[in-house]
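Asks: Submitted below is the structure of interest, expressed as structure tokens.
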Amino acid sequence: MSSSTLINGFTVIPISYSSSSIHYIYARAHVSNKKAPNSWPSGRTLFLVNAPPDATERDLILLLKPYGTVEKVIFDSDSAVEDADEEDSDSEDGEEEGGVHNHGDEESQPRKRQKLTMKKVEPPKVLPLPSMPLRKLRKTGQTAHVVFLDTSSLDRFFSASHTKPRSWPNSSEEPSGLSHYLALSDSLRPPLDAVRQHANSAMDLYEFELAKSKRQSKYKKGEAIVDEDGFTLVTRGGAYGQTVGGGVAVATKKFQETGETSERTKKHSKEKTSFYAFQKAEKQRNELLQLKKNWELDKAKVEKLKASRRFNPY
Amino acid sequence: MPLLYFVVGKSEGYGESGEGVSVQGSTVRDLVAPFEILVWVDEETTSAGRKFGGRGKKKQLGKGLSSYQLFRAALDFLAKHDFENEPVFVKAEGGHRYTSDEYSSTHDVVFVDSSSTVNLLAGVHPGSMKLLGIDARRTLETLNSSSASSGDPFPEVFLSDHRDLQTRFDLVIHVDLSTAKPRSPNYHETLDSGSASNATLSSISSVLTQALGDRVRVIAILHPTPNTRPLSQAHPSTSHIIHIGLIYNPVHAWRQVDHGPNPASDPDPVAVEQFREFWGDKAELRRFKDGSIVESVVWDVKTIDEKTLIPRRIVAFVLKRHFGIGEEGVRGWQEGFDGVLRLPESVSRFYVGENGLGVGVGFKAALGAFDGVVKAIKVLSSDEGGNDALPLSVMNISPTSEFLRYTSVFSPVPLPDSIASVLSMNTRYLNPIEFVIEFERSSRWPDDLRAVQKVKLAFLEKIARGLMGRVPGLRAAVIVGDAAGTDDMNDVARLEIVTEEGWAFVGRIWHDREAVLLDRIINNTASTLPHVTRKDKSQSQRQGKDYHTAIQARESYTRLYIHAPMHHRAIAKLCHHFPAFAGTVRIAKRWFAAHWLLGGADGGGGYVSEEAVELLCAKFFVKEGWEAEMDRDIEEEEKDAEKIEQRKMVVPGSKERGFASLIQFIKEWNWDEQGEGIFVPLYGSSSILGLKQPKAVSSMSTGVWKIRTAMDEEGCIWTMFGPDAIIARRVRALAQATWGCLKGMEMNGMSGGGSVLTIFDHPTDDYNVIIDLDRTILSRYHQNIAPDVSQLSQLLRRKKSSNEDELAAALGGKIRPGFDPAMLLYKDLKRVYQDTFRIFHDPFGGDRFGIVWDPSLKQPRPFRVLGSFSFCVTSSAEAKGKKSKDKDSVVLNEQGVLGEIERMGRGIINGITINVQE
């Protein structure tokens, strides 16, 4: 395919840091795995092993620029985090991605809108703490997924020669070294107003979510009403009081021990399957057919095995 | 009786064998002989036993005693008997020929044998007998304590060497007698003593006793063991090097004024004359606050540190006055230890002395500033707070910083703007002092961990705003995360306060509901009721990021909010009770730091946490039930004074002795032997009564040291992240080297400060890579063990480097509490490359990092995607030829990693040196 070195199916990309030190990144086309929850588009996703610990998205984008436009970069070590608080970090990402590639936004926009329209009431938006572009130092030997915009860039990437070390594009956007630590120290101490707004908006969101989950919960009666002094208002209704949700459930011993509810609630289908004679006959016939079919299949399989096992002298 | 001979002679250093030093004026034969008789007589006649006790006690020895019991009884006699005041007479057949007064008038110690002709202890100094008593007592204690806990006392009592001076004496002074000329030579005494040198020794002993008075409990004069001499030589060659060992009485040892006789009212002018004669021009007539005008000797000191030098100054003074031994003849190494705990002069001159800018420094000032902050916060929480009032009132503000418990290496200094402006960049470090705020309980906290963190932010913001509004000159900020970039479930919000005087504080909020919420995640009981147990733990529990974060958060919660305040209180109490404790801890911390190991109970920094060092040091001060004894001491000061006295002598009275004890312990500590670790009875039974023992999460502990206390049964809360077995072995090796160095100082009496620094000088040959840092931007460089002073003071005049300009521009005159670029870089490197190498650094202004590669990574191994280290394909052809069949193998890419480090530390790192090892 190319003159570059291959190791275990990975293409070796040498990168020179300085005249004496050379770093190696190992690249392979991403093969989507059915089990993996977050599957990247196969065909245009590049899987990188041993990305430098201080690599930023921008660094990798710059590195891969000759082969095509990069849609996004995901570092595997913190992909879980990004999934969890996508809403929080969206504004931040949007800023960063915006300049480099417009398509990414277009694609993410409808998705977002969809999500929002699903909800009846718009949740309060969390005002993020002011953030500076900061390098995130991850553990060494990390892996990353790079999604190209189109499939051709991936081919271009693998057909290119990777024998000569390329210099590492250290983007100046995010500071490194001493200035990194100064910037970090500043960004950890945001102005008090920003902290207040952030905390308040986060609490609003929390309360909104709480109210939502309460609406969905079984206990329609809602929470007990607690006044400012901490007293609970007791209202009329039910033997066990309305405040606790209008009733008391009793746990069985089995539930207490295992934490599992019994199977009683599982509904059996009301239709009987072998009541009439024709039902029985049909069932038997089907079983026989199935048996024959399986027999044929097995025979074919055995033939195939036999063929493959044949001694084959050169 | 050979048993006793062996104990006293061999392992305690009273005999004449082996190297080392022995106690002056006592040979074992002299001592043991009487005990032979003692026991023998005792068995014969029961009435004699009473005589030995001398106090009408019940007889301790009977006929049917085993040899072990006799041994113990003899030790007991040695330990308890007051030889100085109570002469001992072995019962003689026909009564004694001379009265006890007759012996006492000529000999210090009297022990007359049954023939009534020999005083066996003639020529023995009372100090030596006292020392013998203490050593006997210590042996007894070993016998007692070992019988309780399983363990054989035999090796400790008979096999280990107890001759070392530094763990037995609070102060050891090395004296060269070659130039000694007694002021008033007494020929009769010389004749009595047998030789001139013996006479000098005995007069030194008596002069010192007079000069030091009740400052010390024991004065022992020790000299090197004499060598064998040829038969042709008539007189033994005596060495003119002696050691004076003192054991302090901590109540009086550092007294600044000695009162003498009153010349006006005293009818006896001889006493006044004697006093003047003894002290020379040091004696002066003074009028004191109570109106008395008496002769007195005053030792003036500038700082509290100097107070501890008073006993040494007294010894030097009297030796010079009475024996003409100059400064160069009297040597100790105490000042050297003081020196490593002080800032260099070029920095400290801004704080103290006539050029000082008049700011309060030291622990007192820090405590005062802290009290101010506490008051200001409490006002905010009360009704007086007005508009700024906090919604919940503050219950408690507990300090958790070593700067508020006297155990920080350097005494705390503030950094007001006035001083910051004159200091150069690499001396401008302000250490934040941590504390914990506890609010009253409320049901209105959200029941969700992430939301709790937001509420904390809101609270801290409110406090910061309120403080800035009320306290003039105070600056406050909210720190919203830490460098490692953690999950928003972790409790990272802190309040940073810088007061007008330049003190920095960092506060956290303790919310006890968090523990419950975290436990729910850990035990997976989030949605169910507490009495319902889940069976299917293995599946759902182990997975999930939340679970791991929760484990981590729970661990830091336990440490920060439960153990830290408790530990702080206990240590502070210890510092008040044992004056030498704080100093011991400070030297010990400096030692660990100088060997690039100290720091980080949270696993971010070094390998041995500050609190672990404090606990280790406490081991030598506290005994089971010390708190109760302490309270009793105050009540029954008079009643049982002697008993207290005896007990206290085993406890180190000076920081040097404490440090030596620690080193001696570490060098022999076999931490994995019992699997239980050591137990430090830091908390008395009273203080833990009614307190539920907090559960510690020990599953993630990597440390091998186990230091148990009553509050921490597993003993790993402070050693959770290290030292692991590799580091612990290294600590032991370092301790062994240090011990050798201490021994060397003891024998050679190396002069003054320079030699002590060798203990703190770290060998760097073992590291694979040394990273040099730019000294001009290290904000703590002035705390370095051996700073290049020119770098500190001349910086203002010197042409500034570009780095420094950048730093200065970025700092913009702002003071950043706790900002230390080297430490930040160190923590990042340690975290990023935790599977690649071990990195070491001195937190106190160290200007180098040391790196040791993980040796297993140098072996070629098959390619793996999640290798968690930076690798390259093995280049050597033969390695490929062997393995290329099955899989391509890879090795660590050292150059690549170093290149990354260089990039990450741009502006901090000066250069990288690779140690070539054969």
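The values are calculated or read from the model by the stated rules, or taken from the named source; none is laboratory data. Being a predicted model, the structure only gives us computed values, none of them experimental. Here the Cβ is made from the backbone with ideal geometry for all residues, glycine too, and neighbour counts use every protein chain on show. Keep in mind that these areas ignore ligands, DNA and RNA; they rest on the heavy atoms of the full protein, side chains included. Shrake-Rupley method; radii C 1.70, N 1.55, O 1.52, S 1.80 Å.
Asks: Which FRET efficiency, nearest 0.05, do B:Asp772 and B:Val251 yield, Cβ-Cβ r, R0 35 Å?
Replies: On the way: r = 49 Å, r/R0 = 1.40.
Calculated value: 0.10.
Asks: Taking 0.36 nm per intervening residue step and subtracting the Cα-Cα distance, what contour gain separates B:Arg97 from B:Ser790 on full extension?
Replies: That works out to 242.0 nm of additional length.
Asks: Another question, if that's okay. Take the cross-link list B:Lys307/B:Lys830; B:Lys80/B:Lys181; A:Lys139/B:Lys462; B:Lys456/B:Lys545; B:Lys545/B:Lys573; B:Lys378/B:Lys545 and give me the ones stretching past 32 Å between alpha-carbons. Provide the component values of the computation, followed by the final result.
Replies: Values: B:Lys307/B:Lys830 41 Å; B:Lys80/B:Lys181 37 Å; A:Lys139/B:Lys462 36 Å; B:Lys456/B:Lys545 23 Å; B:Lys545/B:Lys573 41 Å; B:Lys378/B:Lys545 38 Å.
Result: B:Lys307/B:Lys830; B:Lys80/B:Lys181; A:Lys139/B:Lys462; B:Lys545/B:Lys573; B:Lys378/B:Lys545 exceed 32 Å.
Asks: Ordering B:Trp279, B:Trp445 by how much accessible area each has at a 1.4 Å probe, largest first, what is the list? Write out the running numbers ahead of the final one.
Replies: Details: B:Trp279 10, B:Trp445 30 Å².
Correct descending sequence by accessible area is B:Trp445, B:Trp279.
Asks: Given the pairs A:Lys214/B:Lys454; B:Lys667/B:Lys858; A:Lys125/B:Lys454; B:Lys130/B:Lys655; B:Lys130/B:Lys289; A:Lys212/A:Lys270, which are separated by over 26 angstrom at their Cα positions?
Replies: B:Lys667/B:Lys858; B:Lys130/B:Lys289; A:Lys212/A:Lys270
Asks: Could you order A:Phe47, B:Phe288 by accessible surface area, starting with the largest, using a probe radius of 1.4 Å?
Replies: B:Phe288, A:Phe47
Asks: Please give, to one decimal in nm, the separation of the simple spin-label points placed at B:Ile293 and B:Arg470, each 7 Å out from Cα toward the Cβ.
Replies: Roughly 5.4 nm, to one decimal.
Asks: In nm, to one decimal, how far is the B:Lys375 label point from the A:Lys136 one, both placed 7 Å along Cα→Cβ?
Replies: Placing both labels 7 Å beyond Cα along the Cβ direction yields 4.6 nm.
Asks: Could you run the Debye sum over the Cα atoms of the stretch B:393-484, one equal point scatterer each and no solvent, and tell me log10 of I(q)/I(0) at q = 0.10 Å⁻¹, two decimals?
Replies: Reported log10 I(q)/I(0), two decimals: -0.40.
Asks: Rg/Rh for the stretch B:123-225: what does it come to with C-alpha atoms and Rh from Kirkwood? Numbers along the way, then the final one.
Replies: On the way: Rg = 17.5 Å, Rh = 16.2 Å.
Over the Cα atoms of the stretch B:123-225, Rg/Rh equals 1.08.
Asks: On to the next question. Suppose R0 equals 30 Å; then what is the FRET efficiency for B:Gln233 and B:Asp192 from their Cβ-Cβ distance, rounded to the nearest 0.05? Don't jump to the answer; show the numbers that get you there.
Replies: Working: r = 24 Å, r/R0 = 0.79.
Calculated value: 0.80.
Asks: Could you state, as a whole-number percent, how many of the C-alpha pairs of the stretch B:218-326 are farther apart than 23 Å? All intermediate terms of the calculation are to be shown ahead of the outcome.
Replies: Details: 2840 of 5886 pairs.
So the portion of pairs separated by more than 23 Å is 48 percent.
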